[in-house]
Structures are given as structure tokens and as C-alpha cells.
1. Among the residues in the stretch B:169-190, are any assigned to a helix (DSSP H, G or I) and within 11 Å of chain A (Cβ to nearest Cβ)?
2. Looking only at the stretch B:26-45, how many residues end up being over 12 Å from B:D335 (Cβ atoms) and touching a helix residue (DSSP H, G or I) at 6+ places or on another chain (Cβ under 6 Å)?
3. Of a type outside the set (D, E, K, R), assigned to a helix (DSSP H, G or I), modelled with pLDDT of 95 or more and farther than 30 Å from A:K248 by Cα - does that describe any residue in the stretch B:237-254?
4. In the stretch B:222-243, how many are in contact with a Phe, Trp or Tyr (Cβ under 6 Å, 6 or more places away or on another chain) and closer than 23 Å to A:V266 by Cα?
5. Collect the residues in the stretch B:21-66 that are polar (S, T, N, Q) and crowded, with 24+ Cβ neighbours inside 10 Å, keeping them in residue-number order.
6. Can you confirm whether the stretch A:191-202 contains a residue that is of a type in the set (S, T, Y) and surrounded by fewer than 24 Cβ atoms within 10 Å (Cβ to Cβ)?
7. If you go through the stretch B:146-181 one residue at a time, how many are touching a strand residue (DSSP E or B) at 6+ places or on another chain (Cβ under 7 Å) and buried (at least 21 other Cβ atoms within 10 Å of the Cβ)?
8. Which residue pairs have Cβ atoms under 7 Å apart, sit 6 or more places apart or on different chains, and have a first residue in the stretch A:28-52 that is closer than 16 Å to A:E84 by Cβ and a second that is of a type in the set (K, R) and surrounded by fewer than 20 Cβ atoms within 10 Å (Cβ to Cβ)?
There are 2 protein chains.
Amino acid sequence: MARDEAASGSQEADNAGNEQDAQEAVVLSIDAMGGDLGPTAVVDGLAEALKQPAAADLRFLLHGPEAALRPLLVKRPTLSTRVELRDCEATVAMGDRPTDALRRGRESSMWRCLDSVASGEAAAAVSLGNTGALMAMSMVRLRLAPGIGRSAIAAHWPSQNPAGFNVVLDMGADIRAEARNLFDYALMGAEYARLTLDVEKPRVALLNIGAEDAKGRPEIAEAADRLKDAADQDAAGFSYVGFIEGDKIASSAADVIVTDGFTGNVALKTAEGTARLIGGFLRQAFQDSWRGRIAALFAYGPLRAFKLRIDPRRVNGGVFLGLNGVVVKSHGAADGVGVASAVALAARLGRERIADRIVRQVAKLASDQDDPQIES
Amino acid sequence: MARDEAASGSQEADNAGNEQDAQEAVVLSIDAMGGDLGPTAVVDGLAEALKQPAAADLRFLLHGPEAALRPLLVKRPTLSTRVELRDCEATVAMGDRPTDALRRGRESSMWRCLDSVASGEAAAAVSLGNTGALMAMSMVRLRLAPGIGRSAIAAHWPSQNPAGFNVVLDMGADIRAEARNLFDYALMGAEYARLTLDVEKPRVALLNIGAEDAKGRPEIAEAADRLKDAADQDAAGFSYVGFIEGDKIASSAADVIVTDGFTGNVALKTAEGTARLIGGFLRQAFQDSWRGRIAALFAYGPLRAFKLRIDPRRVNGGVFLGLNGVVVKSHGAADGVGVASAVALAARLGRERIADRIVRQVAKLASDQDDPQIES
């Protein structure tokens, strides 16, 4: 049904290379299952997302058990013309191991959700489910994009930049990264920052344990050389600002911070744990006197707002880059507002065809780098 | 001079295996140079340290230019009988590269400071100088202890444990770690935690990107197997509690968190950066209204206290473990209070002969592991 009604959607300015009805609409594929709050939060999120003026072109393919979803949709008349329900019974549970989910989950809402992107029906996928399973299924169903050696999870990290966030990747798609992987992450992260942080020429940095050139692991030094060379080309579309240490991830020194998935994941979790510890210390300190308790009332709001900001999955979702299609992983605990935020992000990335942009960029820089350079 | 007067110091209960006059005194070797505030902060720190009741047994060898140090000592009569000045002109600067410091710095206060530990004159060294140079010189002058494959920098990390801190290592002595290195770090960290956090049987955890057994890098999985085996022995003196993620470093889930030096350094710096960002957000939020400004007055204290706590180098110093002698690296910006704190830590580690304890522990577990095990 949504496919026909999509014709009434707003016109897209940039739809070159588009093979189906996304000429008129941006279709997002949504996994209704797998979130902590169940499909209610997802349906709430879709309704919430449609309230935005920019959402006039959005249509949804909603994957999950019709018996559970139909009653929720009936209560939301605004969704009736915008959501096409795709019935499927099976779901991937939070505790499922990725390998098991891959073996048994081909009939699941998660797999079907990715299917719609792989087939070209939808421009992007959104799921609240099991990250490991989603990553494994995305790899198998969407496959690596041409020219990309390894996919990555990118996240928005609260920072002192004007946009309020930096892009950090990889957040844990893989446990190691060679120089060429870090180079690809940089290109992917630059495209992601350009589209979501509104920076024309993102500044890329490599995470390292010293700002000096001589320090750190050899693969990082090699990635630095490649990024320097690439950034010198006008076509690069990004600048390379060198190594930064962990204390500068949240600064305004760079827009894109590149690291391997192990380090990125540890850094993200450490930041979360630090925020929690500070919150605890403050609460403790504030409880010691009546004046402290009054101050705590004032401090509670900003601290809570920060904790929501520090966990990018909770607000914007992590994004799987480097595949034939883009997947937004929303936090499992997301409520309607969180889901709406992930949907808005997916809409932007789908509308702007980030997956195609990354492939073009990688191809362009790869061919430039293959050219013989007449330099010392 | 200090050597003679040391005879009047308090008697040490546990001085078995001690070869010189530390029977009566604990002698610490102090590098007077290399701190941001110059030798004044160091001399202030020594005087401050001696105010503690536990410091009655302390004597210092103070390395640096006599012309600069003598006037400072004259102003501190309490130091006259406790400090032996060891004149040397050269210093290692903050910007010196470790390799250059090693080549040219054999006459420096830093090298001489380590010399006194290597020769057995002093029980531990304290320096505020260039970390890279100090680590390189420590490796060359003190060398790896028998049975230890790689040294590590251990730090106290603010946590929800009763002691207020956990031990985390390696903080950046090396950029990689194999399974056997992680195993050694665990043993060294357990000894450090036992002596400084007052836990009889420290709980050791490995930092990883998932709590499940199947995740993470292979060397971590192998280290986990070795630690499980070792902890099962009564003689181990520690328990192994499994993998933890970055958000649990500051929790009460473990006393010792083991990781490679690259990841540990990134985690530490990320925690520092997060604390700074939260501070900025809070200030911003508090500036928005007069009520906010009042709250800020109350929040300032705890937040500042936390920032001092979150940077272990600022308070306690990082500690180089795994060498023939122990070295405490105090933060370069430390003032007298900071130096006194590093001195107190060095005194405790020297008094308890942590370097010897680690060697004994490694030897014991190595021989136990070599025994044929009659198990399935």
C-alpha cells in the first residue's frame, strides 16, 4: 500500500541513479522487534518522526508479527498511509549469539528488514535489536561495498564542536584494523560527518597514545602517511589533522576520530562509565548538606542531559558503514523519542545515499593513489 | 649524612633479605628536576611528606644541581637531617625524546636518581620528569626483573570500591601485549593492589569489548585461560573475575583491570577528556540562570575534587612495575601536595619491597604451572 501512496510524497532533488519509487519517497526499512520496550516504542517512534517537517517524504516498511503490530498501527491514524506492514513471526532475541542468529534467523524481522535494503526497496534500515546479530546479518545480506575492505560502526560522540558531536569509528565492528582499514574508516567517517554534522571539509584525526609522529603502533603511522597523501589532493574532501589522544576525542580539535573497533569500543564504554562515576560522586557530595541537596536539584537536569548525550546509541544510534546500504542501530532501550531520532538519522543518510557516496569517494582516491606520483 | 642519621629512624618489622642500612630507614631516591614547577615543588613535597606519622623512617637522596637545591633546603630545617644532596648539573627536559635522553642523559638527575635504586642505595625512585625518558632509562638502568617479559605502568583509577580506587595497567609502557604479558601484568597489578588498596585477595579482570567468553582478541582469551588456571591455585593470592568492559573500570566489579598499554592509555585519556567535557557542560548549564549560578558554587568543589581524582598521575603517580626496583612517576604539574603523595606511595612500595614480591610471585606461579597437572 505504501508504495502507491508514496507517489504523493515530496519530490527529491537528488535522485540520480535511483532505480525505483524513491523518486517520490524515501523508504526506510524498520525492524519492529528486538527493542527492550517492544514494538510499541518503535511504532511510537515512527509517529514521532513523521511530525518533523523534513519527514514529508518518508515511508516505512515495518517488519514484525502482524498480530502484534496491526493493533498498534490502528491506534495511530497518521501512520496508516505511511507504513506498509510486512508480516513475519520470528525475532532475534537480545541474548542470541550472532552465529546462531545467522543460522536460524533468516525468517526474522531483522533479516527481512535488511532484505528490503538489499533488494533496493528501502534506502536504509533501522533496528533496535542485538548489535552483534545485526552486524553479522548486515555483513552477510548487504556485503561489503566495492573497494571497502572492512565495515565499521560509526557513532556521534558529544564534543565541543559547533555541531555538538564528533564522529568516532570503528566502535566495535571488528577487533583489529590494518592501515588500509583505518584509511577506509577515515573516508567513511568524513562522509558521515559531512552529512550529519554539516561540515563541508571534515577534519580527520587518528587516535593514538601520543601526539608526536614517532609514537604508537606501526599500522597507525602507516595510515597517517596515507591520509596525509590523500588529504593533499583537492578531491579528498577532508583534511588530516594528525594524531590525537583520548582526552581530545570530545574536543573541537577534529570532526572525525579514527581508531580500531577494540579501542573505539573501550573508549566509548570508558566515557560512559566515567560519566556514571562523576554522577555518583556529585550525588554523594550533594547529599552531605541541605545546601548540597538544593544544588543537586539544579545539577540533576544538566547531568542527566549529559548522560543521554554521552551514549550515542541512546540518541542517534550507531551506523554501520562500508556496506551496500546503510543500517542504523538504535539503542535497545530507546523509547519513542530515541527511535524517532534514529529514524531521522536513517532518513538523512538514505536520502543522501551515503553508501553510494562512500563508494565513489573510495574509488576516486584509490585511482588517484594508483597514479604514479612525480615526487621525491 | 642521611645514612648515619638514618640509624635513629623507626625499626622496620619486615626487612628480611635487606642488604644495607634500610634496616633502620627507608631511603627514597628523588629526581629534583623535570617538574613543571621546578625543584621548589619537589623540596616542598619532601617536607610535606615528612609531616606524616608513617614517614618517621624516611630518608631522601635528592638528585639535582646543588646551586639550585641548597638554598631551598636551607629554608627547610626539617629536611637537613633527612636529605642527602647528590649534586649533578644535567637535566632531562620535558620535550626530550626518550632515545636522545638515553644517549645524552647519563649525567642527568633522572639517570642518577635511578642509579641509586639500581645500586641498592635506595628502595624506590620518584621523578616528575618526562615519562617516556623515565621509562626508557628505567628499562636500561634497572632492567626487567627475573621472570618478567615486559614492564608496565600501573595507575590508581577512581572507582566505587571501598578504597576509592582500582589498579589499572598497562597505561602505556608498551603499545601491545601478548597473553603472557597480560598474565604478568595481572600478577604485578595484584601485588600493587594488595599493598596500596588494602585488599587481601585482589579480584583481577581483563578489559575486553564484551563480557561473553567468545568475544575480543585471541591474546585476551588466552590470558583469561592462564589466569583462570593460576587463580585456582591457593598460592595465587588473587581471584580472576573474567572480562569487563570499559564502563566497569570505575565500578566495584574488580580491583585490578588488565589491558595492553595502548588501550589503557586511550582509556585513561578518554576518562580525563570526559570529565573535562562534563565539567564544561555543567558550567554552561549553570551559567544560564541565577539559580544555576548558585548551584554552580556548590557543584564546583565536588567537580574539582573529582577532576583531581580522575587523573591518577596528578595525585599518586603512575608506577613502573616489573623492573629490578620500583619507580614512581609523579605528574609533571604536581605541586608540593602532589609530590608528597607520590613520595608516600614510593615509601610504601619501597618499604614493602614490591619488586621482590612480584619476582617471588611470578616464580611461584611459573613453577606451579610447569608442574604436570593431573586433570582432564
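1. Within the stretch B:169-190, the first condition is being assigned to a helix (DSSP H, G or I), and the residues that meet it are B:179-190.
Next, only the ones that are within 11 Å of chain A (Cβ to nearest Cβ) stay: none.
Scanning the stretch B:169-190, I find no residue that is assigned to a helix (DSSP H, G or I) and within 11 Å of chain A (Cβ to nearest Cβ), so the answer is no.
2. Residues in the stretch B:26-45 being over 12 Å from B:D335 (Cβ atoms) and touching a helix residue (DSSP H, G or I) at 6+ places or on another chain (Cβ under 6 Å): 7 in total.
3. No: zero hits.
4. 4
5. B:S29
6. yes
7. Residues meeting the conditions: 18.
8. Pairs found: A:V43/A:R76; A:A47/A:R76.
The values are calculated or read from the model by the stated rules, or taken from the named source; none is laboratory data. A quick note: this is a predicted structure, and the numbers were derived from the prediction, not measured. Cβ atoms come from the backbone with ideal geometry, glycine included; neighbour counts cover every protein chain shown.
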